[in-house]
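K.L.:
Okay, here's the structure, questions in a sec.
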Amino acid sequence: MSHLNPPPQCSKCGLPACGRQCSESWDHQAECREFQRAKYKVPVAALATKFLFPRAVAILRTTLAIPDNPLLQHLQRKLGSLNTPFKAAMNIECNFVLQYLRRTVGVRLSEADLRMGALITSLYSADMQGVTGRTQISQTYFSGLYVGMSLRKHSCFPNTGEKLLSPETYEYVVVTTRDVVAGEHLTDPVRFCEWYDETLQRRRVVAGQWGLDCDCVRCRDPTELGMYVGSPCCANCSGNGKKCLVVPDDDKHRRWSCTGCGAQMTVAQVEAVSQGARNRLEQLMQKDSSPDSLLSFVAEQLYPRGPLHPTHAVVLRAREYIRESFKRRGRANQRDMERWEEVTRAQLQALDRLMPGTNRHRVTTLVELRWLVLSRLRTAEKNLASQHSEDLVRYVTTWKDGVRELNKAIGDVLFSKRDKDSLAKDPFGDFILNKRV
């Protein structure tokens, strides 16, 4: 549709097709039969509306597959948890395509069935591009509906992830990222959010993207698993020399109160406390500020100088940018390495509580920490080679133990056998994570 004008058409239904082989493929038969039943063939002139046909085909394939696909039927029942305004908005978005299928083409499927297929397609299909195993055409654009993976329940404290089995066929497998007890839901990690975002922000995103009111274990907990990510310090208590946090009174986060003085606050008042810090952090990020500037910012925002605490969302976000800032600047002196390592360890401790188990964030943080410790080990070994001392011997031993400990931690969260073998073969060598995993 993007490169050929007009694109080839199926000789039976007129829908865009790569060629004869594509039009005769098993994949194409569902929509082709439906167009033939309606005695409609797409005219060449209609192909100018390029966005219409991929959506129409996707909706038809999903709708036609529901009666014979138990997993799609389960997914259909799962849509009952969507809030009404979101469903209404999604229906409006799909109206143009549904009118085309019902009025122009004349398909015999009911409007209710087509709307259900459209809702499933819009919510759960994934747009991708690359090389497909069937055509071997580079830069192929396509959409896939992974029904089994979509059955997982959404959670900001997930217990599963996905692993790409084959880049040629885009086949995935769902893997558990931590222990799951019998009867516990398999849960899907939140998209379009960061692991350090507070509950109010995550719930807004989830409601906007999926029409769900998130009630996962992290969102229900007013303390956010004891990390108080969205809780600022109480200004009244801070003025009296006390560090007390403002926390939600219930899992809906409508009213907040101080754990010390009991002062009541609204959501707007709570967010206003940290808004200045958020704005300042955005300015620093846009200026590509140095680690020194970002570290100074964090120090200024922490109690007693500021309204935040070490695991507040703004501080966690700032630490992520501090790490990125160090990486962009390449070589670092010993003092920078020490501060970089301190920030990375602090983030790892937060991840251990908020995103435990095997996940991209923890793995990359562990690998980064290993590189920092390994760099300090190599510096100590280099110094020891030119100047023997008991202190240097002790430092080398300490850093070696640190690398071994991190090797074990990384090995526990790796899925790739290649990565595990690489780490075991050269425990003190450079380690590059397999990006396909």
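K.L.:
Using the alpha-carbon atoms, what tilt in degrees (0 to 90, nearest 10) does helix 267-286 show relative to the longest principal axis of the chain?
P.N.:
The two axes meet at around 80 degrees.
K.L.:
What is the Cα radius of gyration of the range 313-437 over 2.2 N^0.38 Å, N being its residue count?
P.N.:
Normalised Cα radius of gyration, the range 313-437: 1.10.
K.L.:
Further, regarding this structure: Beyond 24 Å between alpha-carbons counts as too far, so tell me which of Lys243/Lys327; Lys153/Lys408; Lys87/Lys252; Lys87/Lys153 fall in that bin.
P.N.:
Pairs exceeding the cut-off: Lys243/Lys327; Lys153/Lys408.
K.L.:
Cα-based Rg of the range 191-332 per 2.2 N^0.38 Å, rounded to two decimals?
P.N.:
1.10
K.L.:
Cβ neighbours within 10 Å, averaged per peptide: list 396-403, 339-346 in order, most packed at the top.
P.N.:
339-346, 396-403
K.L.:
Something else about it: With every protein chain kept in place and ligands, DNA and RNA left out, what is the accessible area per residue of the chain? Probe 1.4 Å, answer in Å².
P.N.:
54 Å²
K.L.:
With mean projected area of the Cα convex hull in nm² as the read-out, I listed (1) 27.0; (2) 21.9; (3) 23.8; which label goes with the value calculated from this structure?
P.N.:
Comparing each candidate, only (1) matches the computed number.
K.L.:
Treating the angle as unsigned and between 0 and 90°, give the value, to the nearest 10°, between the Cα long axis of helix 390-412 and the longest Cα principal axis of the chain.
P.N.:
Result, in degrees: 20.
K.L.:
Also, quick follow-up: Report in % the part of the accessible area of the range 196-365 that belongs to carbon and sulfur, leaving out ligands and nucleic acids; probe 1.4 Å.
P.N.:
About 46 percent, which is the carbon plus sulfur part of the accessible surface.
K.L.:
Separate question: Within the range 183-250, which GluC sites (Glu not before Pro) sit in a loop by DSSP and count at most 11 neighbouring Cβ atoms inside 10 Å?
P.N.:
Glu184
K.L.:
Moving to a separate point now. The range 1-80: which chymotrypsin sites (Phe, Trp or Tyr not before Pro) are DSSP loop and have at most 12 other beta-carbon atoms within 10 angstrom?
P.N.:
Phe51
K.L.:
Continuing with this model, one more query. Along the positive direction of the dipole of the chain (beta-carbon charges: Lys, Arg +1; Asp, Glu -1; about the Cα centre), which of Gln36, Ala89, Val298 reaches farthest?
P.N.:
Working it through, the farthest residue towards the positive pole turns out to be Gln36.
K.L.:
If packing is taken as the average count of other Cβ atoms within 10 Å, what order do 388-395, 249-256, 316-323 fall into, highest mean first?
P.N.:
Averaged packing, sorted descending, gives the order 316-323, 249-256, 388-395.
K.L.:
Right, here's the next one. Taking R0 as 30 Å, what FRET efficiency do you get between Glu390 and Asp412 from their Cβ-Cβ distance, rounded to the nearest 0.05?
P.N.:
0.35
K.L.:
Okay, next question. Which of the GluC sites (Glu not before Pro) found in the range 4-42 are in a DSSP loop and have at most 11 neighbouring Cβ atoms, other than their own, within 10 Å?
P.N.:
Hits after loop and neighbour filter: nothing returned.
The values are calculated or read from the model by the stated rules, or taken from the named source; none is laboratory data. Quick caveat: nothing in here was measured; it's all calculated off a predicted structure. So basically every Cβ, Gly included, is an ideal-geometry build from the backbone, and we count neighbours across all protein chains shown. Heavy atoms of the whole protein, side chains included, go into the accessibility calculation; ligands, DNA and RNA do not. Shrake-Rupley method; radii C 1.70, N 1.55, O 1.52, S 1.80 Å.
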